[in-house]
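Below: one structure, written as structure tokens.
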Ligand code: ASP
């Protein structure tokens with residue numbers, strides 16, 4: 001059997017950071033530093049190559065241009081590798097995982113994103129274990145010799161999560177990610193226990209197709225008690241805006257004041273696509289349940305069901321990036337494209 005061939009794409013993040021001797025704050029460092037700190041990697045009998053961002057970044061600086069860079073690195077090496085491990089800062093990891101899941105159409109190989117809460121050079125680092133486990137998952141195959149994971153996933157500490165279902169839930173703890181509306185894909189213990197029935201399978205064996213155009217004309221609108229008409233109208237009048245992810249209350253509820261509903265309805269009439277997601281940690285939008293949710297669907301707001309806000313935002317970037325009209329975008333929001341939402 002050939003040795004698994006894995007490509008590591010190092011974008012930055014805490015995993016590779018070291019302390020600046022003057023300011024004592026953490027800053028990204030190059031890949032050699034990172035890999036020199038994990039001699040155990042050599043024990044995995046894999047062929048590993050790497051690509052790195054120049055310079056590596058704190059993921060607060062992640063943006064669609066860099067998602068394109070990651071996607072291009074995967075596409076250019078797709079045929080030659082069994083799997084890909086993306087090392088990434090935790091702060092925007094869920095956005096990157098979501099964006100890549102849409103951009104990499106017909107994906108059949110694992111794209112495992114990981115990082116760490118403590119730099120890899122620290123004694124108690126979680127980075128070493130995360131990196132090694134991510135490599136093992138990227139190399140794992142099923143009984144038919146097919147890649148076990150055929151989607152974009154986040155590996156962090158004890159779990160493997162679907163990328164476009166994940167959210168960063170902790171700035172302090174090692175188990176920093178969770179997907180609140182979808183169970184874990186694998187549990188990491190003495191073994192890596194995959195839940196095959198939860199893994200995405202793309203049965204039409206089409207070649208990988210990458211969507212490189214992402215439209216940045218999207219934004220969040222977070223509702224809060226006391227929001228004024230001036231604020232709302234100002235946000236909805238953002239020049240060039242095409243898609244808005246509205247973070248509403250509970251099961252998709254919003255104020256029913258006339259001025260609020262009218263402002264939303266006016267925006268919809270101007271062809272702005274508004275997707276309703278919940279501010280709750282889990283569960284989703286059910287606009288049927290309350291009158292306050294009903295008013296939003298009557299105003300033309302699209303239910304995001306149980307999609308994460310990260311996936312909703314990047315899905316809008318992806319759909320508008322394809323040059324679709326508002327009506328076409330709305331249609332695709334009612335479908336699960338790659339397991340991002342619990343609708344078929
Ligand atoms: N600020 C860092 C980043 O996202 C945090 C981390 O990696 O955990 O790049």
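The values are calculated or read from the model by the stated rules, or taken from the named source; none is laboratory data. Small disclaimer: the values here were computed from a predicted structure and weren't measured. Positions of Cβ are generated from backbone atoms using ideal geometry, with glycine treated the same way; all protein chains shown enter the neighbour counts.
Details
- For residue 35, the conditions (1) at pLDDT 85 or above; (2) more than 16 Å from the ligand (Cβ to nearest atom) are fulfilled apart from (1).
- All positions within region 1-32 that are touching a helix residue (DSSP H, G or I) at 6+ places or on another chain (Cβ under 8 Å), in a loop (DSSP other than H, G, I, E, B) and within 16 Å of the ligand (Cβ to nearest atom): 13, 29, 30
- Residues in region 159-175 that are at pLDDT 95 or above and assigned to a loop (DSSP other than H, G, I, E, B): 1 in all.
- Consider region 43-60 and keep the residues that are within 24 Å of the chain's Cα centre (by Cα) and without any contact (Cβ under 8 Å) to a residue 40 or more places away in the chain. The one that is nearest to the ligand (Cβ to nearest atom) is 60.
- Residue, nearest to residue 89 (Cα to Cα), within region 176-193, restricted to residues that are touching a strand residue (DSSP E or B) at 6+ places or on another chain (Cβ under 7 Å) and assigned to a loop (DSSP other than H, G, I, E, B): 176
- Count - residues of region 312-327 that are under 16 Å from residue 219 (Cβ atoms) and either in a loop (DSSP other than H, G, I, E, B) or in contact with a strand residue (DSSP E or B) (Cβ under 9 Å, 6 or more places away or on another chain) (or both): 9
- Residue match in region 94-110 (condition: in contact (Cβ under 8 Å) with a residue 60 or more places away in the chain, part of a strand (DSSP E or B), within 15 Å of the ligand (Cβ to nearest atom) and farther than 20 Å from residue 150 by Cβ): no
- Matching residues, region 67-93, being in a helix (DSSP H, G or I) and under 24 Å from residue 25 (Cα atoms): 93
- Comparison of 84, 156, 174 shows that the only residue that is buried (at least 24 other Cβ atoms within 10 Å of the Cβ) and within 16 Å of the ligand (Cβ to nearest atom) is 156.
Residues checked against (1) part of a helix (DSSP H, G or I); (2) in contact (Cβ under 8 Å) with a residue 40 or more places away in the chain:
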| position | (1), (2) |
| --- | --- |
| 276 | no, no |
| 285 | no, no |
| 289 | no, no |
| 306 | no, yes |
| 329 | yes, yes |
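- Lone unmet requirement of (1) within 12 Å of the ligand (Cβ to nearest atom); (2) touching a strand residue (DSSP E or B) at 6+ places or on another chain (Cβ under 6 Å) for residue 74: (1)
- Inspection of region 256-266 identifies at least one residue that is over 19 Å from residue 166 (Cβ atoms) and either surrounded by 23 or more Cβ atoms within 10 Å (Cβ to Cβ) or within 25 Å of the chain's Cα centre (by Cα) (or both).
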